[in-house]
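Visitor: Dumping the structure here so I can ask a few things about it.
The values are calculated or read from the model by the stated rules, or taken from the named source; none is laboratory data. Note that this is a predicted model, so its numbers are computed, not measured. Glycine also receives a Cβ, built like all others from the backbone with ideal geometry; neighbour counts cover every protein chain displayed.
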Amino acid sequence: MNIRFTILLVVILVVIGGTVWITQRQPDDSSRDGKDWIWKLELEDMRRIAINHEDSSVAYGRETSGWVIEGADGTGTPVYQPKWGGKALVVSGPKPSRTLDEITEDPALYGLDPVGTTVTITDRSGQQVVFELGAITPDGSNQYVRLDDGSLHTLPKIWGEVVVSLATRPPYKPPFITIFDDEEVVEFRVQVRDDLTSTSAEAVYLLTGLQEGEAEAGVPEQWILLEEDGVLVNERWGGLTSGLGDADLQTEAETFEDLPDLDSLKWSVRLDVRNRQDARLAFFVYDATSDPARPYIWSTGDETLSSVNDEWVQTLITLAEEPAVTDAPPDNPSN
């Protein structure tokens, strides 16, 4: 064999062998940047998510119809999808910002003694992933997370905030979507203020009470518009209020820090609803600055700001500015 050919063949073999060796030892992108999954569950395999955060404990179960918020009595309340969104995906498998090589002997340094938040995820086979949230990292961008095997990682701070919100702000259906179909409702108070024209309108609607024996006799309660003596609302009442249960809500901000400057908006609508137990709910609708077709809506006691379709708001404005009445006062108005 020609000596030169032999040398060339050896060089080629060395190059090929070296390439294979380097390729096999070269980590993939996720390994190089430390982005391996801390844990990974398939969404269809997840069956329960339980969160204990300080004094709040909330559990979510997956039923045939979808995810529900588990109640103490064993019943489940379907999650409100616009608020639930991809939260199950968030906890199904995160990638760490960093994985710490050594497990600290002093967990208090990482906000893990005592532990403020513990999450348990259960899959269809009964296997569980358990992790704890610790303190925010010194740079303010990440949060410490410890698995039940003792391994310590950091994840983006926003990830931890979403997890905690499952305990502090469960995605219940907002009450103003269903309140209008509630047989307990006895009063609507609608106020409209237009800052551009300095005009306002207000209307108070009450459900009349019944005399003894009238309910058994089939006498219906009627809605009235409260003025000096009260006047009966005519047959337009059902048409005016029929769309109030069909609010198309979209979450715009999760906390008050994200709220727009509502004081600078052009007009507002306030809706107060009272039920038979004299409980009240108040809702505020503000003219949107970015999308006139999507005004902001906010309910007292809720940190979440949403937007709603303008047709829904116009229904409320009509109730305040164009009440539908007849001339005859009722015999027995509620008050």
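Visitor: Tell me which residues, restricted to segment 36-58, are at pLDDT 90 or above and among the polar types (S, T, N, Q).
Guide: Answer for segment 36-58, where residues must be at pLDDT 90 or above and among the polar types (S, T, N, Q): 52, 57.
Visitor: Considering segment 36-80 alone, what residues qualify as being under 25 Å from residue 155 (Cα atoms) and polar (S, T, N, Q)?
Guide: 52, 56, 57
Visitor: Can you pull out every residue in segment 123-151 that is surrounded by 15 or more Cβ atoms within 10 Å (Cβ to Cβ), in a strand (DSSP E or B) and among the polar types (S, T, N, Q)?
Guide: If the condition is that a residue be surrounded by 15 or more Cβ atoms within 10 Å (Cβ to Cβ), in a strand (DSSP E or B) and among the polar types (S, T, N, Q), then 142, 143 are the ones that fit.
Visitor: Still on this structure: Using the structure shown, decide if residue 87 is more than 24 Å from residue 154 (Cα to Cα) and touching a Pro at 6+ places or on another chain (Cβ under 8 Å).
Guide: no
Visitor: Filter segment 59-89 for residues that are closer than 23 Å to residue 125 by Cβ and either modelled with pLDDT of 95 or more or crowded, with 16+ Cβ neighbours inside 10 Å (or both) and give the result.
Guide: Residues satisfying the conditions are 59, 60, 61, 62, 67, 68, 70, 76, 87, 88.
Visitor: Follow-up. Which residue is farthest from the chain's Cα centre (by Cα), if the candidates are limited to segment 144-154 and must be under 15 Å from residue 121 (Cβ atoms) and hydrophobic (A, V, I, L, M, F, W, C)?
Guide: 147
Visitor: Find all pairs meeting these conditions: Cβ atoms under 6 angstrom apart; at least six residues apart or on different chains; first residue within segment 253-279 and closer than 23 Å to residue 292 by Cβ and at pLDDT 65 or above; second residue of a type in the set (S, T, N, Q) and crowded, with 16+ Cβ neighbours inside 10 Å.
Guide: These pairs meet every condition: 270/191.
Visitor: Here's something else I'd like to know. So residue 154 passes all but one of these: (1) among the polar types (S, T, N, Q); (2) part of a helix (DSSP H, G or I); (3) at pLDDT 90 or above. Which condition number does it fail?
Guide: Failing condition for residue 154: (2).
Visitor: Also, I was wondering about something else. For segment 299-311, check the following and say yes or no: at least one residue is within 23 Å of residue 200 (Cβ to Cβ), in contact (Cβ under 8 Å) with a residue 40 or more places away in the chain and part of a helix (DSSP H, G or I).
Guide: Yes: one or more hits.
Visitor: Among 196, 210, which is the only one that is at pLDDT below 85, crowded, with 16+ Cβ neighbours inside 10 Å and either part of a loop (DSSP other than H, G, I, E, B) or within 32 Å of the chain's Cα centre (by Cα) (or both)?
Guide: So the residue among 196, 210 that is at pLDDT below 85, crowded, with 16+ Cβ neighbours inside 10 Å and either part of a loop (DSSP other than H, G, I, E, B) or within 32 Å of the chain's Cα centre (by Cα) (or both) is 210.
Table: residues versus (1) among the acidic types (Asp, Glu); (2) more than 25 Å from the chain's Cα centre (by Cα).
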| site | (1), (2) |
| --- | --- |
| 70 | yes, no |
| 77 | no, no |
| 83 | no, no |
| 95 | no, no |
| 112 | no, yes |
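Visitor: State which residue is nearest to residue 64 (Cα to Cα) when the search covers only segment 103-122 and only residues that are crowded, with 16+ Cβ neighbours inside 10 Å and not aliphatic (A, V, I, L, M).
Guide: For segment 103-122, the residue satisfying everything is 122.
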